[in-house]
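Enquirer: Can you read through this structure? Questions will come right after.
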Amino acid sequence: MELHDFAGYGCFFKELDKFMIEYNSIRLHQSLGYMTPSKFYEEILKNNASRGVLVV
C-alpha cells in the first residue's frame, strides 16, 4: 500500500483496517496449518489453559 494511492489519511487507515481484518480473521495461512491467525491464537490459549499455563 502506498499513501499516495489514497485520497487522504482517513481513506488509507480505513483500507488498512480492512486489510488487517482480512489478514487476521479471514485469510488462511499455510504456516499456521491453514488456520487464520485469530483461530491459531485461540487454539494456543485453549491448549495452554487445559494444561494450566497462563498466556499473557
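The values are calculated or read from the model by the stated rules, or taken from the named source; none is laboratory data. This is a predicted model, so every value here is computed, not measured. Cβ atoms come from the backbone with ideal geometry, glycine included; neighbour counts cover every protein chain shown.
Enquirer: I need every pair where a residue in region 4-26 that is under 18 Å from F40 (Cα atoms) and surrounded by 11 or more Cβ atoms within 10 Å (Cβ to Cβ) has its Cβ under 6 Å from the Cβ of a residue that is at pLDDT 95 or above and not polar (S, T, N, Q), sequence separation at least 6 or different chains.
Expert: Final answer for the pair search is N24/P37.
Enquirer: Still on this structure, please answer the following. Scan region 16-29 and tell me whether some residue there is at pLDDT below 95, outside any helix (DSSP H, G or I) and of a type outside the set (V, I, T).
Expert: No; the residues of region 16-29 include none that is at pLDDT below 95, outside any helix (DSSP H, G or I) and of a type outside the set (V, I, T).
Enquirer: For L54, indicate whether it is part of a loop (DSSP other than H, G, I, E, B) and over 12 Å from the mean Cα position of the chain (by Cα).
Expert: Working: part of a loop (DSSP other than H, G, I, E, B): yes; over 12 Å from the mean Cα position of the chain (by Cα): yes.
Yes; evaluated as a whole, the condition is true for this residue.
Enquirer: Hey, another quick one. Find the residue count for region 14-44, including only residues that are among the β-branched types (V, I, T) and either under 23 Å from L54 (Cα atoms) or in contact with an Asp or Glu (Cβ under 8 Å, 6 or more places away or on another chain) (or both). Talk me through it step by step, then tell me what you get.
Expert: First, the residues of region 14-44 that are among the β-branched types (V, I, T): 21, 26, 36, 44.
Of the ones still in play, those that are also either under 23 Å from L54 (Cα atoms) or in contact with an Asp or Glu (Cβ under 8 Å, 6 or more places away or on another chain) (or both) are 36, 44.
Residues in region 14-44 being among the β-branched types (V, I, T) and either under 23 Å from L54 (Cα atoms) or in contact with an Asp or Glu (Cβ under 8 Å, 6 or more places away or on another chain) (or both): 2 in total.
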